[in-house]
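S.K.: Pasting a structure here, questions to come.
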Amino acid sequence: MKHIQLSYDQALDFVSAEKIAEYENKVKAANEALHSGTGKGKDFLGWLNLPSSIQEADFADVENTAKLLREHCEVVVVIGIGGSYLGAKAVIDALSNSFDWLMTERKNPVILFAGQNIGEDYLYELQEVLKNKKFGIICISKSGTTTEPALAFRLLKTQLEEQQGKEEAKKLIVCITDKAKGALRALADKEGLKSLVLEDNIGGRYSVLTPVGLLPIAVAGFDIRKLVQGAREMETVCGLDTPFEENLAAQYAAVRNELYRTGKKIEILVNYHPKLHYISEWWKQLYGESEGKENKGIYPASVDFTTDLHSMGQWIQEGERTIFETVISVKEPNHTKVIPHSEENLDGLNFLAGKRVDEVNKMAELGTQIAHVDGGVPNLKIELPKLDEFYLGELIYFFEKACGISGYLLGVNPFDQPGVEAYKKNMFALLEKPGFEEETKAIKARL
């Protein structure tokens, strides 16, 4: 079976092949540090061999839980923030019909998300939609005390119990949390709620292939075994024993770090397929939270082309030359749509008659690449043979492995996120949370 492909020949006018080759030993050392557990963040490497370590019992537990929710729910609300929702949403959106929300005949529940913001109107409107609906909840949190998901869970659990009764509600709530500690674990044990475990050694942004991602994806009706199989294939392709010239993750990490060294401080992830928008959102969290430390790190941005060529295209073509692009391209669409001939030809498009829509899209992609490279923007390309579970699994693991290597090349810990705590401390002080009395005094004095 073919794998996803990486090409960076359109970056070689900006960084030489010789310079990239010089990264071989550095990348090998970074990869060895990951596999030996001798690098920074060594306590959070559970994702590294995760695809090949998932057992039949693990699949069965997730699939049986998903089956229960599918059979009893019209809607399932996934509660989580950051990596606790982005990976699942990315895969579900990529595989779903673009107009799924309009469909009246459904095999699987509608998947909605909460706990990813503190929007009062959002939560009000969500709860209004759920009135008189048979809904279930998947609550994802290691601690159970992260403000955004904890707040949403309190509201939605109360609503579910009021609509279904406490005993029936218990059957429709699944907690994905720590196996032994934390508020959500305590609640699940106390109330007898179904729970699945997110292991201590896997951080949220690396958790797509754990129950955090697999359960919502399975509830949505997609093949999690195929997703994991793709990740397993990429685990081998990007393995410790794979030579640099064949190791996609190693090459991607090397090229982007060399571009960064030469002044390309912003990486724009580009897609030409509307269903990949949330893949970009997941990628931004993965790389932003992993590398943005110690006043270092490539800034991860994203655009949806050709849509954003009519908004961001001007800046990318002629703005400050501190950027490079990584394009995700899908070789073959899942459907065929041919452009018809028009007798009037008022739009002047008869020269396209008989061509597939995707051919136009691919020429837009190629034409844009040529224009941007000519304009001083290096381009990398990641090609998926098609958009399905297998290749998405490959893509997810490829980005995860490359992120670990890239973080080590940069000299940071790619598995912590100390900067995320700063806003929380200020928010708790402003809300006068018990235990933050001194911080409350200090921040009020500043105001």
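The values are calculated or read from the model by the stated rules, or taken from the named source; none is laboratory data. What you see is a predicted model, and the numbers here were worked out from it, not measured in a lab. Note that we place each Cβ from the backbone using ideal geometry, even for glycine, and neighbour counts take in every protein chain shown. Side chains are part of the model used for accessible areas, which takes the heavy atoms of the whole protein and leaves out ligands, DNA and RNA. Shrake-Rupley method; radii C 1.70, N 1.55, O 1.52, S 1.80 Å.
S.K.: With angles folded into 0 to 90 degrees, how steeply does helix 389-410 sit against the dominant principal axis of the chain? Use alpha carbons for both and round to 10.
M.R.: The angle comes out at about 80 degrees.
S.K.: In whole Hz and in residue order, list the ³J(HN,Hα) couplings for the stretch 25-39 that follow from phi through the Karplus curve 6.51 cos²θ - 1.76 cosθ + 1.60, θ = phi - 60°; x for Gly and Pro.
M.R.: In residue order, the calculated couplings are 5, 5, 5, 4, 5, 5, 5, 5, 5, 4, 6, 8, x, 10, x Hz.
S.K.: Could you tell me the distance between the Cα centroids of the stretch 231-258 and the stretch 1-61, to the nearest Å?
M.R.: 5
S.K.: Another one. Looking at the stretch 247-308, which GluC sites (Glu not before Pro) are DSSP coil and have at most 15 other C-beta atoms within 10 Å of their C-beta?
M.R.: Filter output for the stretch 247-308: 294.
S.K.: Still on this structure, I have one more. At 0.36 nm per residue, and after removing the present C-alpha to C-alpha distance, how many nm does the segment from residue 166 to residue 295 gain when stretched out fully? Walk me through the numbers on the way to the answer.
M.R.: Details: separation 129, 0.36 × 129 = 46.44 nm, distance 4.94 nm.
Extending this stretch completely gives an extra 41.5 nm.
S.K.: Quick one: which of 207-215, 94-102 comes out on top by average Cβ neighbours within 10 Å, and what's the full order, highest first? Please list the in-between numbers first.
M.R.: On the way: 207-215: 27.1, 94-102: 13.0.
Taking the mean over residues of other Cβ atoms within 10 Å, the ranking is 207-215, 94-102.
S.K.: Now a separate question. Starting from the Cα gyration tensor of the stretch 1-89, multiply each eigenvalue by 5, take the square root, and state the resulting semi-axes largest first in whole Å.
M.R.: They are 38, 20, 14 Å, listed largest first.
S.K.: Another question, then. Treating only the Cβ atoms of Lys and Arg (+1) and Asp and Glu (-1) as charged, compute the dipole magnitude of the chain about its Cα centre; round to the nearest 20 debye.
M.R.: Numbers: 52 positive and 66 negative charges, 223 e Å.
Here the chain has a charge dipole of around 1080 debye.
S.K.: For the chain, what does the helix formula give at 222 nm: sum of -39500 (n - 2.57) over DSSP H segments with n ≥ 4, over the residue count, nearest 500 deg cm²/dmol?
M.R.: Numbers: 18 runs with 210 residues, N = 447.
Helices in the chain give a 222 nm mean residue ellipticity of -14500 deg cm²/dmol.
S.K.: Next up: Looking at the P(r) of the stretch 172-268, how many percent of alpha-carbon pairs lie beyond 17 Å? Present the calculation step by step, with values, prior to reporting the outcome.
M.R.: On the way: 3151 of 4656 pairs.
Percent of Cα pairs beyond 17 Å in the stretch 172-268: 68.
S.K.: How much net charge surrounds residue 267 when only the other residues with a Cβ under 9 Å from the Cβ of residue 267 are counted, with Lys and Arg +1 and Asp and Glu -1? Before the final figure, lay out each step's value.
M.R.: Values: positive: 256, 264, 265; negative: 325.
Charge balance in the 9 Å sphere: +2.
S.K.: Taking K and R as +1 and D and E as -1, what net charge do the other residues with C-beta under 13 Å from the C-beta of residue 411 add up to?
M.R.: Net local charge, residue 411 excluded: +3.
S.K.: Which aspartates and glutamates have a Cα lying under 15 Å from the Cα of residue 265, excluding residues fewer than 8 positions away in the same chain?
M.R.: 291, 294, 320, 325
S.K.: Along the three principal axes, how long is the chain when you take its alpha carbons, biggest first, rounded to the nearest angstrom?
M.R.: For the chain, the Cα spread along each principal axis is 62, 61, 53 Å.
S.K.: Select from 301, 17, 88 the residue whose mean-square fluctuation is largest in a Gaussian network model of the chain (Cα-Cα springs shorter than 10 Å).
M.R.: Comparing 301, 17, 88 in the GNM, the peak value goes to 17.
S.K.: Mind listing the Cα extents of the stretch 268-363 along all three principal axes, in Å, largest one first?
M.R.: 62, 31, 15
S.K.: Okay, moving on. What does the accessible area of residue 347 come to, in Å² to the nearest 10, when a probe of 1.4 Å is used?
M.R.: 100
S.K.: To continue, here is another question. What percentage of the solvent-accessible surface of the stretch 397-437, computed with a 1.4 Å probe over protein heavy atoms, is contributed by carbon and sulfur atoms?
M.R.: Within the stretch 397-437, the accessible surface is 60 percent carbon and sulfur.
S.K.: Out of residues 5 or more away from residue 329 or on other chains, whose amide H comes under 5 Å of its own, with H placed 1.01 Å from N in the peptide plane?
M.R.: HN-HN under 5 Å from residue 329: 382, 383, 384.
S.K.: A follow-up question, please. More than 18 angstrom separation, counting every C-alpha pair in the stretch 98-196; what % is that?
M.R.: Everything past 18 Å amounts to 49 percent.
S.K.: In a GNM of the chain with a 10 Å cut-off on Cα contacts, which of 397, 85, 124 has the highest mean-square fluctuation?
M.R.: Highest fluctuation of the listed residues: 124.
S.K.: Between beta-carbons, use under 12 Å as the cut-off and find the net charge around residue 191, counting Lys and Arg +1, Asp and Glu -1.
M.R.: +4
S.K.: Arranged from highest to lowest average of other beta-carbon atoms within 10 Å per residue, in what order do the peptides 410-423, 371-384 appear?
M.R.: So the peptides 410-423, 371-384, ranked by packing, come out 371-384, 410-423.
S.K.: Using only Cα atoms, find the angle between the long axis of helix 437-446 and the longest principal axis of the chain, and express it within 0 to 90 degrees, rounded to the nearest 10.
M.R.: Helix 437-446 sits roughly 50 degrees off the main axis of the chain.
S.K.: Next question. Quick one: among 28, 171, 424, which has the greatest mean-square fluctuation in a GNM of the chain with alpha-carbon springs under 10 angstrom?
M.R.: 424
S.K.: Any chance you could give the angle, 0 to 90 degrees and rounded to 10, that helix 56-72 forms with the longest Cα principal axis of the chain?
M.R.: 70
S.K.: Could you please state how large a percent of the accessible area of the stretch 114-192 is carbon and sulfur, counting protein chains only and using a 1.4 Å probe? Could you put the intermediate results ahead of the total?
M.R.: Details: 2040 of 3990 Å².
On the stretch 114-192, the fraction of accessible area on carbon and sulfur atoms equals 51 percent.
S.K.: Something else now. Could you check how many percent of all C-alpha pairs in the stretch 1-160 are farther apart than 26 Å?
M.R.: Looking at the stretch 1-160, the distances longer than 26 Å represent 50 percent of pairs.
S.K.: Between residue 350 and residue 370, how high is the FRET efficiency from 1/(1 + (r/R0)^6) when r is the Cβ-Cβ distance and R₀ = 30 Å? Nearest 0.05.
M.R.: It comes to 0.75.
S.K.: What shape does the stretch 340-402 take by its C-alpha gyration tensor, where a ≥ b ≥ c are the square roots of the eigenvalues and a/c under 1.5 counts as rounded, a/b above b/c as prolate, and the rest as oblate?
M.R.: Values: a/c = 5.54, a/b = 1.69, b/c = 3.28.
Oblate, because a/c is 1.5 or more while a/b does not exceed b/c.
S.K.: Just want the answer: with Cβ charges of +1 for Lys and Arg and -1 for Asp and Glu, which residue in 41, 163, 104 is farthest toward the dipole's positive end in the chain?
M.R.: 163
S.K.: So if I place +1 on the C-beta of Lys and Arg and -1 on the C-beta of Asp and Glu, and nothing else carries charge, what would the dipole magnitude of the stretch 113-231 be about its Cα centre? I want it in debye, nearest 20.
M.R.: 420
S.K.: Per residue, how much accessible area does the stretch 304-424 have with a 1.4 Å probe, in Å²? List each step's numbers first, then the result.
M.R.: Working: 5620 Å² over 121 residues.
That works out to 46 Å² per residue.
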